[in-house]
1. Tell me the residue from 70, 85, 120, 76 that is closer than 21 Å to residue 172 by Cβ, within 19 Å of the chain's Cα centre (by Cα), modelled with pLDDT of 95 or more and not β-branched (Val, Ile, Thr), please.
2. So residue 139 ticks every box in (1) within 24 Å of residue 294 (Cα to Cα); (2) open to solvent by less than 30 Å² (accessible area, probe 1.4 Å); (3) at pLDDT 95 or above but one. Which box is left unticked?
3. Name the one entry in 210, 184 that is under 18 Å from residue 148 (Cβ atoms) and of a type in the set (A, V, I, L, M).
4. Being outside any loop (DSSP other than H, G, I, E, B), open to solvent by 60 Å² or more (accessible area, probe 1.4 Å) and of a type outside the set (Phe, Trp, Tyr) is the filter here; which residues of the range 425-444 pass it?
5. Taking helices (runs of 4 or more DSSP H) that fall entirely within the range 146-265, which contain at least 3 residues that are in contact (Cβ under 8 Å) with a residue 40 or more places away in the chain and open to solvent by less than 50 Å² (accessible area, probe 1.4 Å)?
6. Scan the range 450-464 for residues that are more than 17 Å from residue 384 (Cα to Cα) and at pLDDT below 80 and jot them down.
7. Kindly provide the set of residues from the range 272-292 that are touching a residue at least 24 places away in the same chain (Cβ under 8 Å) and in contact with a helix residue (DSSP H, G or I) (Cβ under 7 Å, 6 or more places away or on another chain), ordered by number.
8. State whether one or more residues within the range 48-65 are of a type in the set (S, T, N, Q), open to solvent by 20 Å² or more (accessible area, probe 1.4 Å) and farther than 18 Å from residue 176 by Cα.
Amino acid sequence: MTLAEKLSHEYPSRSQHLALGSTFLVILVSVMIMSGLNLADPMIRHDDYPALFADAPAFWNKTLHEGRWLNYIWHLREAITPAWLNFAVYQTSWALFVAALAVVFTGPKGANWFTVVLALLMMVSPSAMLISMWFNTLMPGLAIVALFAMLACRVSGRTLRVLLPGFVIVSFMAYTTYPLLLLAVCIAKTEDRSARDLFGLMLLFCASFALAVVTVYAINWQVHGVFGVPVANWREPTAAHGLGGIVANLPKLWETFQIVFHRNGFGFAPLIGFIPAMLAAAFVVFYKYARLEGLYLMAGLSVGIALAVVQVLKLGVIVPPRAFIFAWVFAAMALVRAVEILSQTEGWAGRMGRNAILLIVGVYFIEIFMFYGQHNDWRADTKQLAQEISKTDGNVFIYGDSSQIASAKKSGIQSSKALPFRLQQLTGRQAINCLETPYKCPQQPQLINAGAGEIHVRRTSRGLFMIFTPSDDTNLAEPL
């Protein structure tokens, strides 16, 4: 029997009830170890603090400019939970999603080597690492995605597709590319593959995605009086009007993919090209032995890439690497399945493929572990400032751009708003950012020794003054 014939008889039927527990436990332990340096005191981006504080008015603007209505509802809750708990719940949801998707994709044979390795490979997604810095905001959205994957272990593929439109609408209101993760689950669950079935699935997904867009537009129309999601000015959009505008936005498309590949390879040239090369080889394997399987995965990946391309060319905005979390998931599915196909027969190709996947998991696991640790200096600096606040009463004034000091740049702090939020998290008190509201601040006191470090603390009768004098020799953080 040839390899192609073996594959055609591999999954004669699939059980609707797939064992998830053991795989989930392995991935849960792994993801907690991988993010261990971020568990006790998680790094939070400045625009994620409103979700931590359940400050709905501070998030209101994003309902108009990003359509994040599910996230806004989350901001309306009364209970405020600590950041460490929120991050643990978020990472648990991510572990549940990748474990369930891996179990569904590898079929009714139960958890095996390929199931666990696929889940591990999806777990170490650089995009997932980057987007986890907004865990307070995205926690309910990721929970919805994880629920859909878990349901795939319990219901039939037909039932799953019936549920798809509703889940797409809800997850779209959390993050634009989350629906693509649902599509990956549906593709993994597909039992009887055919060109007709693939067309039907793609049609269902595209219709569901369009319905999600129209739903958000309609809500914005009713609430904000705008039928649409206007791009915020801080994104510096250059909306295309006609073919000329699309051509003018091509450099932004090139820049988008440059950043994505650079981030996926952690800036290391051999690693940047390694994953695309392996993915290309995987689709060669699919073309030779399992064309329909490869076509399903290629279709899902292509739909996601197409949506990103349209957004860049039409709106003229850079799509951040964190939005491409779907691409890593589809790539992981393709890589592991191709290696599984090659492993059907003893040979060097299967062995090399298995070793290559283990190498990727190991390298990326270490890189992500170190990424979470690079925020330690920012944590230390802000905790020291919080201790200074606890020693005194009265107002706290911040002068200078705190996002430009060495520890802030190392952590990729994107705004001077981050420090006041961080100090509020640590002390419960609000500091006045004199860059934003100079009219609320008295005259800055004179520094006794301006050259001694980047952070200066002065106490006067008017309050506590934190003055930042960033050095010129610190390296800029890479875009997130």
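The values are calculated or read from the model by the stated rules, or taken from the named source; none is laboratory data. Just so it is clear, the model here is predicted, and its values are computed rather than measured. Virtual Cβ from ideal backbone geometry, glycine too; neighbours counted across all protein chains shown. Quick note on the areas: whole protein, heavy atoms, side chains included, nothing else; ligands and nucleic acids left out. Shrake-Rupley method; radii C 1.70, N 1.55, O 1.52, S 1.80 Å.
1. Working: 85 fails: closer than 21 Å to residue 172 by Cβ; 120 fails: closer than 21 Å to residue 172 by Cβ; 76 fails: within 19 Å of the chain's Cα centre (by Cα).
Among 70, 85, 120, 76, only 70 is closer than 21 Å to residue 172 by Cβ, within 19 Å of the chain's Cα centre (by Cα), modelled with pLDDT of 95 or more and not β-branched (Val, Ile, Thr).
2. (1)
3. On the way: 210 fails: under 18 Å from residue 148 (Cβ atoms).
The unique qualifying residue is 184.
4. In the first step, residues of the range 425-444 are kept if they are outside any loop (DSSP other than H, G, I, E, B); the result is 425-427, 432-433, 438-440.
Applying the additional criterion that residues be open to solvent by 60 Å² or more (accessible area, probe 1.4 Å) yields 426, 438-440.
Matches in the range 425-444: 426, 438, 440.
5. Counting at least 3 such residues, we get 157-172, 178-189, 195-224, 250-264.
6. Hits for the range 450-464 are 450, 451.
7. Within the range 272-292, 275, 278, 279, 282, 283, 285, 286, 289, 290 meet the criteria.
8. Filtering the range 48-65 for residues of a type in the set (S, T, N, Q) gives 61, 63.
Now drop any that are not open to solvent by 20 Å² or more (accessible area, probe 1.4 Å), which leaves 61.
Subsequent filtering for residues that are farther than 18 Å from residue 176 by Cα retains none.
Checked the range 48-65: no residue is of a type in the set (S, T, N, Q), open to solvent by 20 Å² or more (accessible area, probe 1.4 Å) and farther than 18 Å from residue 176 by Cα.
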